[in-house]
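Below you'll find the structure, written out as structure tokens, and then a few comments.
The values are calculated or read from the model by the stated rules, or taken from the named source; none is laboratory data. Because the structure is predicted, anything quoted here is derived from the model rather than measured. In this analysis, Cβ positions are derived from the backbone assuming ideal geometry, glycine residues included, and neighbour counts consider all displayed protein chains. Accessible surface is based on the protein model in full, side chains and every heavy atom, while ligands, DNA and RNA are left aside. Shrake-Rupley method; radii C 1.70, N 1.55, O 1.52, S 1.80 Å.
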Amino acid sequence: MRPGRKSDLAGLLDLWREDVRAGKRDCVPGDAFLHRVMDGFDWDSRSRVVDRRTGGLDGAVLVSNRDTPLGTVAAIEASAAEQELLNDLTRWGLGLSRAAGAVAAQVWRGRGHTEGLGGLGFALVRPWWRMDMSLADEPSGRSAVAGYELHDASTVPAGKWADAHNLSFADHWRFSARSEKELMAGRPATLSLMAVTPDGTPAALTLCQIEEYRDDRRSQPVGVISSVGTLPGHRRRGLATWLVAEALLRLHQEGARHASLYVDGLNPTGAFDAYRKLGFELAFETEVWEATFR
């Protein structure tokens, strides 16, 4: 086992493709996501890899962090075909997370592929679902919600998006505040939607992007609906359904031929049922396992 290097990314992607075929993960991240997340990653201190004698990698683990109101939460991305090696790599990530002062470490893995996590001190904390629908045909829109106006990033002033996002998700599980740059950098203005009151007060938002995925069963490109949030004082009025329906129409018009979004399986708002009414169906079940240190 050695520290990883940026040049190991090709081998890591091969491992992730093997994980997709085995059902351990739902997809290999698209190029746009990789550029956003992997640029500046500290390979030397936050990764370990195991070389394959015939070339490539037998296994790899990457550890990333995000800040929450309760402290730092680490994410451990371990990949290996051999179970003992997978457990060893996960154990290394767990040790690094604890030593770095994280309050918790998480492993996200496809349902039915979580062998060994309990023995390492992890516990299942919730399901996380990917829902899909075809955009081969133009989707139907939804009527506007009375008392609200629809805007996108071409008319909403910069600075309002992060505030609206953070207020919408502050009471969600493992909330992590986002900056305006982190949330909106590189995102198309027409695919960043906000419902506002007549005086311009943000009420709900939906953020999307179009991604290309390699070795993926979905028709490409895929419109990813990455954030759907409603501020507490405006919930249960149909705003999320309205914005997602509008987002699907815009994604189709921009060339997406499939749409995906992710749902917390324990979401108390009934989001899963609302998305099904729009045409989404459950496509992949991930389990979130967590070890806590405090």
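Using a cutoff of 8 angstrom between alpha carbon atoms and counting only pairs six or more residues apart, the relative contact order for the chain works out to 23 percent.
Cross-link partners of K181 among aspartates and glutamates, defined as those whose alpha carbon lies under 13 angstrom from its own and excluding same-chain residues fewer than eight positions apart: D163. Protein heavy-atom accessible surface, 1.4 Å probe, per residue over region 1-142: 49 Å². In order along region 117-126, phi translates into HN-Hα couplings of 5, x, x, 8, x, 8, 9, 5, 10, 5 Hz, rounded to whole numbers, per the Karplus curve 6.51 cos²θ - 1.76 cosθ + 1.60 with θ = phi - 60° and x for Gly and Pro. Helix 239-253 and the long axis of the chain differ in direction by around 80°, with both axes built from C-alpha atoms.
Here the Karplus relation 6.51 cos²θ - 1.76 cosθ + 1.60, evaluated at θ = phi - 60°, turns the backbone of region 131-139 into coupling constants of 10, 10, 7, 6, 10, 4, 9, 5, x Hz, with x for every Gly and Pro. Projecting label points 7 angstrom from Cα along Cα→Cβ for E182 and L34 puts them 2.3 nm apart. If a paramagnetic tag sat 7 Å from the Cα of K6 along the Cα-Cβ line, which residues of region 25-63 would have the backbone N under 16 Å from that point? Inside the label zone: 34-47. Ranking A102, A78, T90 by how far each Cα lies toward the positive end of the dipole of region 72-113 (charges on Cβ) leaves A102 at the top. Under a model in which nothing but the beta-carbon of Lys, Arg (+1) and Asp, Glu (-1) is charged, region 162-282 shows a dipole of about 220 debye around its Cα centre. May I ask you to derive the FRET efficiency for N267 and S45 from their Cβ-Cβ distance with R0 = 45 Å, giving the value to the nearest 0.05? Plugging the Cβ-Cβ distance into 1/(1 + (r/R0)^6) gives 0.85. Quick one: work out the % antiparallel among DSSP beta bridges in the chain, nearest 5. Restricted to the chain, the bridges split so that about 90 percent are antiparallel. 3J(HN,Hα) along region 208-215, derived from phi through the Karplus expression 6.51 cos²θ - 1.76 cosθ + 1.60 where θ = phi - 60°, amounts to 9, 7, 10, 10, 10, 10, 8, 6 Hz, with x in place of Gly and Pro. Peptides 236-243, 78-85 ranked from most to least packed give 236-243, 78-85, packing being the mean of other C-beta atoms within 10 angstrom over each peptide's residues. For K24, a cut-off of 29 angstrom between C-alpha atoms picks up these lysines, skipping any fewer than 8 places away in its own chain: K6, K277. Put a dot 7 Å past the Cα of R52, heading toward its Cβ, do the same for L282, and the two dots end up 3.3 nm apart. Each label point was placed 7 Å from the Cα along the Cα-to-Cβ direction; for A99 and D171 their separation is 4.1 nm.
For the chain, with all protein chains present and a 1.4 Å probe, just round the carbon and sulfur fraction of the accessible area to a whole percent. List each step's numbers first, then the result.
Values: 7120 of 14160 Å².
Solvent-exposed carbon and sulfur of the chain make up 50 percent of the total.
Each eigenvalue of the Cα gyration tensor of region 1-159, multiplied by 5 and square-rooted, gives one semi-axis; in descending order these are 34, 20, 18 Å. Normalising the Debye intensity of the chain to I(0), with uniform scatterers on Cα atoms only, and taking log10 at q = 0.10, 0.11, 0.13, 0.17 Å⁻¹ returns -0.58, -0.70, -0.97, -1.51.
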